[in-house]
Amino acid sequence: MATGWMRRLRQVTGDRAGLAQRALETVGRAERASAAGDREAARQLGETAVTELRSLVASGVREAGSGLVRALLNQSEYLRLLSRHAEAVAAADEAVSLAWADPGRPRALALALATLAARLLAADRPADGSEAARQALAIGGVQPDAELAQVLVTLAAMLAEAGEHEAALAPSERAAGMWRVLAAGNDRESRFRLGQALAGHAGRLYAAGHWADAIEFSAEAVAIRRGLAGESPETLALGLTDHAMMLRRVGREQEARAAAAEAASLAPVAGTGDGPAGEPGGAVDCC
């Protein structure tokens, strides 16, 4: 299904229609190459797509602006996967500048800022990454969105990896809140993502020392995983193992033993819950 900016580009007429169609095709080819695991081909095609869309924007095709933001964010990801972090930051930064210029699209700006924050963290710039994350979360008028929610989940995990445990809580909480709304329709995929986001937020809270709050989110994540048709016993076992560790931390030993015993009955090799650096032992699937 065509996205909004693709539909708008297809409406371009005159001499620029051919350029618009070529840009659409190049974006699609880059995405397919990335999905197939060909990172260098994705990067090269992505660079061509960015050049083509820049040309359209420069020639006055306003409809190409949101497409250029999208292509730059894609290119930033392709560069990140190649460990070309400075270039990945530059691409995301350009996307942010373009998104700031279009205040009518708060979702695009929030997504661009959150992506920039993740790229800055990957480039070992934690202070700048934290600031970009703060700006992303300050954007108002953003409706719950699956893509943005997943970027926020990843961003929270990266902040935690950088030792910014308190800073990780805000994007993690926002992602869980978005998935709670998106999962209201009760489709399996959204419920699965909600379970992931809740488990991830529990892990973020635990790492920040908010153990009692972590237990609440962990318990909800376990309940969701129990109710998912087709959920693997190993995944539920890992969630129970982490939940047992959190319960044990606050002295709820009887409940911890029950959770650990259930985990062992489902998957004996799921682990003991003794995760690295005092964090849960593996059920918190953040990315």
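Below, the figures for the structure above:
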quantity: With Cα atoms, 0 to 90° folded angle of helix 39-58 axis to the chain main axis; calculated: 50 degrees
quantity: D_trans [Stokes-Einstein, Kirkwood Rh over alpha-carbon pairs] for the stretch 133-185, 4 °C, 1.567 mPa s, µm² s⁻¹; calculated: 116 µm²/s
quantity: Helix 211-227 axis, angle to the chain major axis (alpha carbon atoms, nearest 10°); calculated: 80 degrees
quantity: Dipole in debye (nearest 20) - the stretch 67-179, about Cα centre, beta carbon charges: Lys, Arg +1; Asp, Glu -1; calculated: 240 debye
quantity: Distance (nanometres) between label positions extended 7 Å along Cα→Cβ at Asn186 and Gln254; calculated: 3.4 nm
quantity: Tensor-based shape of the stretch 43-121 (alpha-carbon gyration tensor, a/c under 1.5 rounded, otherwise prolate or oblate); calculated: oblate
quantity: Computed E for Val57/Ala212 - FRET, C-beta separation, R0 45 angstrom, nearest 0.05; calculated: 0.35
quantity: Separation in nanometres of the label points that stand 7 Å from Cα toward Cβ, at Ala261 and Leu81; calculated: 4.7 nm
quantity: Unit charges at the beta carbon, dipole of the stretch 163-209: most positive-side option, Leu169, Gln196, Ala183; calculated: Ala183
quantity: Radius, Kirkwood style, for the stretch 87-137 when every pair of distinct Cα atoms is counted (Å); calculated: 10.5 Å
quantity: Helix 106-122 vs. the chain, principal-axis angle (Cα, 0 to 90°, nearest 10); calculated: 70 degrees
quantity: Magnitude of the charge dipole, the chain, Cβ model with Lys/Arg +1 and Asp/Glu -1, debye to 20; calculated: 820 debye
quantity: For the stretch 89-206, alpha-carbon Rg relative to the globular expectation (2.2 N^0.38 Å, N residues); calculated: 1.02
quantity: Principal axis box of the chain, alpha-carbon based, largest edge first, Å; calculated: 73, 39, 36
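Bear in mind that the values in this text are calculations on the coordinates, not laboratory data. Note that the coordinates shown come from a computational prediction; the quantities given were computed from them, not determined experimentally. Don't worry about glycine lacking a Cβ; one is built from the backbone with ideal geometry, like all the others, and counts go over all protein chains shown.
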